[in-house]
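The values are calculated or read from the model by the stated rules, or taken from the named source; none is laboratory data. The structure presented is a predicted model; accordingly, all values stated were derived computationally and were not measured. Positions of Cβ are generated from backbone atoms using ideal geometry, with glycine treated the same way; all protein chains shown enter the neighbour counts. Heads up: the accessible areas ignore ligands, DNA and RNA and are worked out on the full protein's heavy atoms, side chains in. Shrake-Rupley method; radii C 1.70, N 1.55, O 1.52, S 1.80 Å.
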Amino acid sequence: MTGVGDSGDATTGVRSLETDGLTKAFGGVVALDAATVSFQHGRVNALIGPNGSGKTTFFNCVTGMIRPDSGHTSYRGRDITRKAPHAIARAGVGRTFQLCRVFPRMSALDNVLAAARTGGPWSQLRGARRGAEVDRARGWLTRLGIEHLADVEARNMSWGQQKLLELAGVLMSDPDTVLLDEPAGGVNPALLDRIGALVRELNAEGRTFIIVEHNMELVMSISDHIVVFDRGRPIAEGPPSVIRSDERVLGAYLGV
Amino acid sequence: MASEIELVDIQAGYGRAAPVLRGLSVSVEPGTIVCLVGPNGAGKSTVLKVASGLLKPRSGRILVGGVDVTGQGPQRMLAAGVAHVLQGHSVFREMTVAENVLLGGYTIRDKAVVAERTAFVRDLFPVVADRWRTLAGLLSGGQQKQVEFARSLMVDPKVVLLDEPSMGLDPKATSTVFEQVVRMRDAGTAVLLVEQNARRALQTADLGCVLDLGRVHISGPAAELLADPQLGELYLGGRPAEPTTTGTAAALDAATRDG
Amino acid sequence: MPSASESPTATATSTGAGAPASAVPSPVPPAARGPARLGRLLQAVAILVLAAAVLSFPALAPNPYILSAGIVVLNYAVLSTSWNFVGGFTGYISLGHGALAGLGGYATGLFVVKAGLPSFVALAAAALLVAALAVPIGFAALRVRGASFVIVSIALVLILLLVFQSWASFTGGSRGLVVPRPFPGLLRPEHHRVFFYLFAALLAVALLAWWLIDRSRFGLGLKAIREDEDKAESLGTATFAAKLVVFVVSAGFTGLAGGLYALWFGDLDPVFQFSILTGAYMVLMALLGGVRNLFGPLVGALVVGIALEYFKVEFGNSPLHLVATGVLLALVVMFMPDGILPAIGTLFNRFLRPTQSSIREVTAAQLRDRDGGGPPAQSTEDTPMGERTGTTA
Amino acid sequence: MPSGALLFQSVILGLLLGGLYALLAAGLTLYFGIMRVVMIAHSAFLILAAYLAWWSHARLGVDPLLSMIVTVPLFFGVGVVLQRLLLARLRPVTLTMMSVLLTFAIAVVIEGLLGYAFTGTQRRIQLGYGTASFGLFGARIAVVKLIAFALAGVALLTLYLLMKKTTFGWALRATIQHPDAARLVGIDTDRVAGFGFGLGLATAAVGGTALALDTTIYPSLHWHWIGPLMAIIVVGGLGSVPGAAIAAMLLGLMQSLLQIPMGTTWAQTIFYLALFATLAFRPQGFFGGRLAQRF
Amino acid sequence: GCSGDDGGSGSTDDPIVVGISLPLTGDFSEPGKGVQRGYEAWAKITNDKGGLLGRQIELKILDDQSNADRVVADYEQLIGKDNVDIVVGPFSTRLVVPAARVAEEYGMLFVEPAGAANEVFQQGFKNLFYAAPAVANDHYNHLAEYLLALPPGQRPTTVAYAAMDDPFAQGTAYGLKAKLEAGGVRTVVDEVYPPNTTDFGSIAAKIASSKADMVVGGSQYQDGVNLIVALQQLRYQPKLAAFSTAPTSPEFAAAIGNKTEGILSPTGYTQKAPYPSNVEFVEKYTAQFGSAPEEDEANAYTTGQVVAAAVTAAGCAEQGECQKKLVDWVRGNKVETVVGPLTWDATGKPQGAHMIQQWVGGQIQIVLPAEAKETDIVYPKPAW
Ligand SMILES: Nc1ncnc2c1ncn2[C@@H]1O[C@H](COP(=O)(O)OP(=O)(O)OP(=O)(O)O)[C@@H](O)[C@H]1O
Ligand SMILES: Nc1ncnc2c1ncn2[C@@H]1O[C@H](COP(=O)(O)OP(=O)(O)OP(=O)(O)O)[C@@H](O)[C@H]1O
Ligand SMILES: CC(C)C[C@H](N)C(=O)O
Ligand SMILES: [Mg+2]
Ligand SMILES: [Mg+2]
């Protein structure tokens, strides 16, 4: 088990994910423009901003899926800029994808099991469907209300079901810091309340969240700290109450 | 008034699996918005796929403008006036935004109409105009969604089926989309809208249907559904609606007030 | 057989809004468990029958030709099982595995001829060499996916063909390489018998290795790569390393098969050792049987091997045997895209298992009561309750 | 040190060869890049077309170029039928993999039928102008090679314009990228995909005829072509017709020049070296579309 | 009538089944079919005369697709399953070697019509005999002698060689090369191309630009044709052009548009050879197939003659002990054939020499050695 438990008490002041001057341009489009952001450990953070402001690109860069042109990323004080995605994931940063990615020809249960973390290389040879892990996997499916789909192949699920399955997977991988890209997109609002509660619960256990989301209601209700992106760089940050009244945010994002 | 589109007692499903829709009936009259809500996997998208001919129902009938079109493919359905915007992402990823939008008008022969509509959508969604020559697959998720919606605005159908058009959109774009939905309704189009942004959608819609277990669970005037506390808890989420505002709208309002 | 009501999930719901507890589906539909067990039993029986059939084959074979045809089929089976380490788990379709077999054959031959190693030491050394070469090859090839990988794998065969043809001073070039017999005294029928058992043993080892990976966490990680590589990577699977490892394992087995074939066959010619057809047959056999099944490639090899021999005997002196092979292949692709074994499985399921539903069987109200533990909702008047269309019965 | 004359002659030969390569690879670009189909049978169709050209010349006395009047529409039709009857039935998820096998099967069937109909004997069209050539600054240009080159140019240009400028091209690309969405904008996806495939085979008809003008053909010859053609379209960037054309010219030229110091066999490795270099440094190809690396 | 009882292999009315695998498709199909015709002619001519040991000859021919793996499986099938009485060889060195190994390990006599390269005789086969006058490296011996005997002023001074990467094809070209180089003739181009080469433009360009006096092609068939056409396209006019096997094929002249004048080729056979069996062969073959036999047909026929002689002498033809007798007989005796009397050394290598043919006046005719010539060698050759 990773040190989720013991870091739980140090909820403030510990640095989680940080970037320094992160820049990424695609051809002429500057998706990230020297973005310097710092997220603290133990919080529920939100990352908001208009479409195309670079939120997903930010996720992709910090999780190693794409190489930034310049700038640095560190996690808990350690530089992870050039690390491979799986190494970053193993360091404790889990993520979901905006365009929802599941393993289409695997059952829901296997989808979740495939996310389970392992120890050293030799543990790779252990059986994949051992009791304890199957129970844990089923537990996540149940918490997200899709336990009845355990044996259904992911490609045969509805959009929202896949979204939930992806969330179950990333939670199964037991990350310290969870990056969620639009977890609410397409999810039934009734369930969303439960997801919100789940996030708070997991946060209470000491997990950090960074959530990209356009559902302001959810964002405002669950986050401790909000960072607002525009054109590839943060333009404001602070607790929900502050963000709600920040003029730049209103102009750039809320469209008033 | 006669329904523009009517699904009668539809049974439908995928492959050999158990049916997803189990005797469902919905109809939409011209100039109205009917909003479908329901839990994930209830079958909302399946309803739309049946309505646009992407999925052939196992039994039941589909009427468009009173004509039985059961079993017709999407091409015929489009010709009959039914347009469908898919859930998730359905841009043509390796084609430019321009090609995507223009393909929206694939069936329109009149060049002038195409040009006029193009200008309209370019105006409506700045990203479409700004990224006209970019491959659509390179856009951000929300930008793609906007392109998709723009593409669907190229035609002027009698029935429009929208599957979560606001998903992934920022508040500004969401408003644009809802404005367009209203504009279509006002122009006499029959709109069948699926939304998980349920409160906002029901505020816009005339009628609401709650789908669960593959059939219509409850239906009625949208305002009534919104007001039902139990439905709210089960399907619409969030706090029971304050009289006028909720969800994103609430945040917006709050923002406007404070600003 | 455990009934649904004994499962913990179901007991928790017994307070549900009037729904009978047993109606709540347990994660595994109870009806599916019986067939699963039956399936396992059938599988065990099948393995035993298969093993017995293989071991008694040399005794039963009416003539040495049939025995040699049996070796050819076993060789195909080992090759396609080896291929299936990469193809089945990671979904990378290599049409170039023929090159690895060819390398194994040539390496074995050259170790014997040039280094004077004893035949089976040479075989082991060759397999290690092929595995070692698979590291740089995999390093280059596994960087690309899908169609590009297919092309790269084809290129691998063709480039090795050119090298082995051109570098005649070392490889013998198109003059070929003659691999000395490991058992020089044996008459041909005896020779066949010995090699039949050697190939059978190699097949058993390859199957065992595949099975071990299949059930392991490593295997699950590989399958995740097959489904969505980036996603697997983001969940912490070291995808590149995993692909490379399994490619090396696959190459090692392929090399062994190629080497053993060289020892049996004796004459190596670059044109036939490095042929796209070899790789294509491996793929064909694995797909035919079913790439997701342990025994898929073996079944495929049996069918294709026997069919090839049959067509050859039937249309011996006209190219129509090619047509027959092609038609067979096309029929499989069209009508059994998942392979023979899964097709049989589906048939089996259709009789023994009810159709499954992915749609939830309880209303939102029931669901909330069940895990929310809150006050039971007075169900909305027109909630359709008793609807569970016999899916769990 | 090779003489200047030899160098110049080699450059000419290389360019002519490259033109032929470009034509032969053009159809592959279409299937791979646009339709996501790994079409192993393309070169088998080339050989089939070559045989038809040979047959019409040897048996009917018709100039092989005229045979295209029949073969091009015929191949187009065959392509449509193949796509509709076979390829369209493959599931999209496994399309890449299954198309390899299916088209492999088609290739083998063609090879078998060719062998059955025409025997395995090597054939060569005996044209009155087969060995005719004219001089150009000391180098010689064979008439047949020039004809093949011209055919390539015309066919490639037509293909390019068709894909980029016509609604058909757009509809085809849309169909492949998102069939459901394409149907929903009103595209008859079945028909369009069929036409796309037919178009690819139509290029094979032209290519096969060009090939038959100046080489010997035999039923199993198609295996020989698979490697170089695939290398060309990867280097050119899967899906890019101009990319494939440029790559073909360059590789043809390089092969021809490398043959002087290295000999025929080693010179062929240039295709695979270029292939590996491309994948190592620019997996999306040197001239192709930007999203091509995704599959 | 045949006996209906297949009880034992010894029954004397049973036909003698001769098993053969041939490349009827693939790379070697063209000559492969020639060999097939030769075998068929042999069976027919022999059967018409009452067969061997009073038994009819029955051929069992399989197609190996020019594939070495298949050729082995074929002989395995012929010997192991079909239980043929005699096996004879396929076409081309690349297939003969693996095929011979099967025969060897089953203890069968293996007379073969087309394994001419030196390699064949270095494998340690004890049962193999090549039924033709000479091995590949000796094919051009007469030509080399002739050229080196020319006065220095007339002798070609530079030669370009292009050989297929194939043991036989290279064997012929390099046999000549070794002798000419020893005689002081310079090699200016030495190209090897893989068997599947279809574009000869560049090789031809190299040869043409070397302006060599003579071009020598180590060719099988199709490659020879392509190379000649490519050379003609470049208007290269050597004083002498020699190609192995291709020019002797009946398809050759048409394939290069009848521009054959002056092309040389070694051959082990001539239709006009005075050997008694040859007269009969040519006559009956022509009656059967409508055209006179060429080298490939003759080689197969020769193979049959060798087998027939051995069977007649040993008085048996079946698997087992008999094969040893057959082998011993062939090793110890001289056989009269359509290509003349043949004897073999311990490795199965024949002890004769090839003749040289040239296309003269639209016909391929023997020009060397002097004692066998049908017409005079034309040197330098006319333009093509
Ligand atoms: N691979 C790429 N190639 C080219 N441009 C890209 C690429 N990925 C992203 N972009 C561009 O970078 C910008 C930022 O995209 P990003 O996906 O990060 O936005 P986002 O904030 O996640 O938006 P959304 O809310 O719509 O998801 C966009 O303008 C997009 O078009
Ligand atoms: N292609 C498919 N094959 C098999 N089953 C499917 C397929 N698509 C959807 N289903 C199943 O059909 C049911 C209804 O799916 P549908 O997509 O209509 O739901 P939905 O109401 O749109 O859900 P969401 O809100 O999550 O989009 C689900 O249980 C799903 O698992
Ligand atoms: C002279 C020919 C019959 C010999 C044959 N071409 C070979 O490869 O050995
Ligand atoms: Mg995004
Ligand atoms: Mg849906």
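Express the C-alpha Rg of the range D:14-92 as a ratio against the empirical globular expectation 2.2 N^0.38 Å, rounded to two decimals. Numbers along the way, then the final one.
Working: Rg = 14.5 Å, N = 79, 2.2 N^0.38 = 11.6 Å.
Rounded to two decimals, the normalised Rg is 1.25.
What number comes out for accessible area per residue over chain A if the probe is 1.4 Å? Units Å², please.
Each residue of chain A exposes 35 Å² on average to a 1.4 Å probe.
Given charges of +1 on the Cβ of Lys and Arg and -1 on the Cβ of Asp and Glu, with all other atoms neutral, how large is the dipole of the range C:65-275 about its Cα centre, in debye to the nearest 20?
Charge dipole of the range C:65-275: 180 debye, to the nearest 20.
Please compute, for peptide A:148-157, the average count of beta-carbon atoms on other protein chains lying within 10 Å of each residue's beta-carbon.
Mean shielding count: 5.
Give me the percent of DSSP beta bridges within chain B that run antiparallel, rounded to the nearest 5.
55
Per residue of the range E:135-144, what does 6.51 cos²θ - 1.76 cosθ + 1.60 with θ = phi - 60° give for ³J(HN,Hα)? Whole Hz please, x for Gly and Pro, Karplus curve as stated.
The phi angles translate into 7, 3, 5, 9, 4, 9, 3, 5, 5, 4 Hz.
Please list, by residue number, every one of the trypsin sites (Lys or Arg not before Pro) in the range A:221-250 that is coil in DSSP and has at most 10 other beta-carbon atoms within 10 Å.
none
What ranking, highest mean first, results for peptides B:173-180, E:182-189 when packing means the other Cβ atoms within 10 Å averaged over each residue? Walk me through the numbers on the way to the answer.
Numbers: B:173-180: 20.5, E:182-189: 14.6.
Per-residue Cβ counts within 10 Å, averaged per peptide and sorted highest first, yield B:173-180, E:182-189.
Please provide three numbers in whole Å: the alpha-carbon extents of chain E along the principal axes, with the largest listed first.
That works out to 69, 39, 36 Å along the principal axes.
Beta carbons within 10 angstrom, averaged per residue: use that to sort the peptides C:151-158, A:44-51, D:51-58, E:285-292, highest first. List each step's numbers first, then the result.
On the way: C:151-158: 26.6, A:44-51: 24.9, D:51-58: 21.4, E:285-292: 14.1.
Highest to lowest by the protection proxy: C:151-158, A:44-51, D:51-58, E:285-292.
How much accessible area is lost when chains D and C come together, counting both sides, with a 1.4 Å probe, in Å² rounded to the nearest 100? Don't jump to the answer; show the numbers that get you there.
Details: alone 14120 and 20350 Å², together 30900 Å².
Interface area, both chains combined: 3600 Å², rounded to the nearest 100.
E:ALA287 versus C:LEU55, label points 7 Å from Cα toward the beta carbon: distance in nm?
6.3
In square nanometres and to one decimal, what's the mean projected area of the convex hull around the Cα atoms of the range C:65-275?
11.4
Of all beta bridges DSSP finds with both residues in the protein assembly as shown, what is the antiparallel percent, to the nearest 5?
Numbers: 62 of 128 bridges.
Beta bridges within the protein assembly as shown, antiparallel portion: roughly 50 percent.
Sum up the charges of everything whose Cβ sits under 15 Å from the Cβ of E:ALA372, counting Lys and Arg as +1 and Asp and Glu as -1, but leave E:ALA372 out.
That works out to -3.
Any idea how far apart B:ASP110 and C:PHE170 come out in nm if each label point goes 7 Å out from Cα toward Cβ?
7.4
Ignore the peptide's own chain and count Cβ atoms of other chains within 10 Å of each Cβ in C:270-279; give me the average, rounded. Write down the numbers at each step before the final one.
Numbers: counts 2, 10, 8, 2, 0, 3, 5, 6, 1, 0.
Average neighbour count from other chains, rounded to a whole number: 4.
Which of rounded, prolate, oblate describes the range D:183-251, given a ≥ b ≥ c as roots of the alpha-carbon gyration tensor eigenvalues and a/c under 1.5 marking rounded, otherwise prolate only if a/b is larger than b/c? List each step's numbers first, then the result.
Working: a/c = 2.64, a/b = 1.56, b/c = 1.69.
Oblate, because a/c is 1.5 or more while a/b does not exceed b/c.
The range B:167-228: which trypsin sites (Lys or Arg not before Pro) are DSSP loop and have at most 16 other beta-carbon atoms within 10 angstrom?
Details: sites: B:LYS172, B:ARG183, B:ARG185, B:ARG199, B:ARG200, B:ARG215; in loops: none.
When the trypsin sites (Lys or Arg not before Pro) of the range B:167-228 are filtered for loop state and at most 16 Cβ neighbours within 10 Å, nothing remains.
Applying the Karplus parametrisation 6.51 cos²θ - 1.76 cosθ + 1.60 with θ = phi - 60° to the phi angles of the range E:203-219, what ³J(HN,Hα) value in whole Hz is obtained for each residue in order, glycine and proline being reported as x?
4, 4, 4, 5, 5, 4, 6, 6, 6, 4, 5, 9, 10, 10, x, x, 10
Under 1.5 on a/c is rounded, so check that first for the range D:83-230, then, if it is not, pick prolate when a/b is larger than b/c and oblate when it is not; a ≥ b ≥ c are the square roots of the alpha carbon gyration tensor eigenvalues. If you can, show how the numbers build up before the last one.
On the way: a/c = 3.09, a/b = 1.55, b/c = 1.99.
Because a/c hits 1.5 or more and a/b fails to exceed b/c, the range D:83-230 counts as oblate.
Considering every residue in E:76-89, what mean count of other chain Cβ atoms within 10 Å of its Cβ is obtained?
Details: counts 11, 10, 1, 4, 12, 8, 3, 2, 0, 0, 0, 0, 0, 0.
Going residue by residue through E:76-89 and averaging, the value is 4.
Specify which residue in the list E:PRO90, E:LEU150, E:GLY171 is farthest towards the positive end of the charge dipole of chain E, using unit charges on the beta carbon of Lys, Arg (+1) and Asp, Glu (-1), about the Cα centre.
Towards the positive end, the residue furthest out is E:LEU150.
Computed on protein heavy atoms with a 1.4 Å probe, what is the summed buried accessible area for the chain pair A and C, in Å² to the nearest 100?
3300
Treating only the Cβ atoms of Lys and Arg (+1) and Asp and Glu (-1) as charged, compute the dipole magnitude of the protein assembly as shown about its Cα centre; round to the nearest 20 debye.
Dipole size: approximately 1680 debye.
Which whole number in µm²/s is D for chain B by Stokes-Einstein, with the Kirkwood Rh taken over Cα pairs at 25 °C and 0.890 mPa s?
130
For chain B, what's the relative contact order in percent, using C-alpha pairs closer than 8 Å and at least 6 residues apart?
Across chain B, relative contact order equals 25 percent.
Considering only the other residues whose Cβ falls under 14 Å of the Cβ of C:LEU198, what net charge follows from Lys and Arg at +1 and Asp and Glu at -1?
Result for the local shell: +1.
With a cut-off of 8 Å between alpha carbons and a minimum separation of six or more residues, what is the relative contact order of chain A in percent?
28
Going by amide H atoms built from the backbone, whose H comes under 5 Å of the H on E:THR25, apart from near neighbours?
E:ASP64, E:GLN65, E:SER66
Taking the solvent-accessible surface of protein heavy atoms with a 1.4 Å probe, what is the per residue accessible area of the range C:65-275 in Å²?
So the range C:65-275 comes to 27 Å² accessible per residue, rounded to a whole number.
Give the relative contact order (percent, whole number) for chain D; include only Cα pairs under 8 Å separated by 6+ residues.
Here the relative contact order equals 35 percent.
Taking each pair of distinct Cα atoms in the protein assembly as shown once, what is the resulting Kirkwood hydrodynamic radius in Å?
Radius from the Kirkwood sum: 36.4 Å.
Based solely on C-alpha atoms, express the radius of gyration and the Dmax of chain A in angstrom.
Spelled out, the Cα radius of gyration and Dmax of chain A are 17.9, 57 Å.
Summarise the accessible area of the protein assembly as shown (1.4 Å probe, protein heavy atoms) by the percent that is carbon and sulfur.
Its accessible area is 59 percent carbon and sulfur atoms.
List every residue whose amide H lies under 5 Å from the amide H of B:THR134, counting only residues 5 or more places away in sequence or on a different chain, with H placed 1.01 Å from N in the peptide plane.
B:VAL97, B:ALA98
Taking H placed 1.01 Å from N in the peptide plane, check which residues at least 5 places from A:ARG233 or on another chain put their amide H under 5 Å from its amide H.
Those lying under 5 Å, H to H, from A:ARG233 are A:ASP33.
Accessible area per residue, 1.4 Å probe, Å², for chain E: what's the number?
31
Tabulate in residue order the Karplus-calculated ³J(HN,Hα) for the range B:120-129, using 6.51 cos²θ - 1.76 cosθ + 1.60 with θ = phi - 60°, rounded to whole Hz; enter x for Gly and Pro.
Working through the residues one at a time gives 4, 6, 5, 6, 5, 10, x, 5, 5, 5 Hz.
Would you mind giving the total buried accessible surface between chains A and B, with a 1.4 Å probe and ligands, DNA and RNA left out, rounded to the nearest 100 Å²?
Adding both sides of the contact gives about 2700 Å².
Using only the Cα atoms of the range B:1-149, build the gyration tensor, take square roots of its eigenvalues as a ≥ b ≥ c, and label the shape rounded, prolate or oblate: rounded if a/c is under 1.5, else prolate if a/b is larger than b/c, else oblate.
Because a/c hits 1.5 or more and a/b exceeds b/c, the range B:1-149 counts as prolate.
Could you tell me how far the Cα centroid of the range C:142-158 sits from the Cα centroid of the range C:327-350, in Å?
Between the Cα centre of the range C:327-350 and that of the range C:142-158, the gap is 27 Å.
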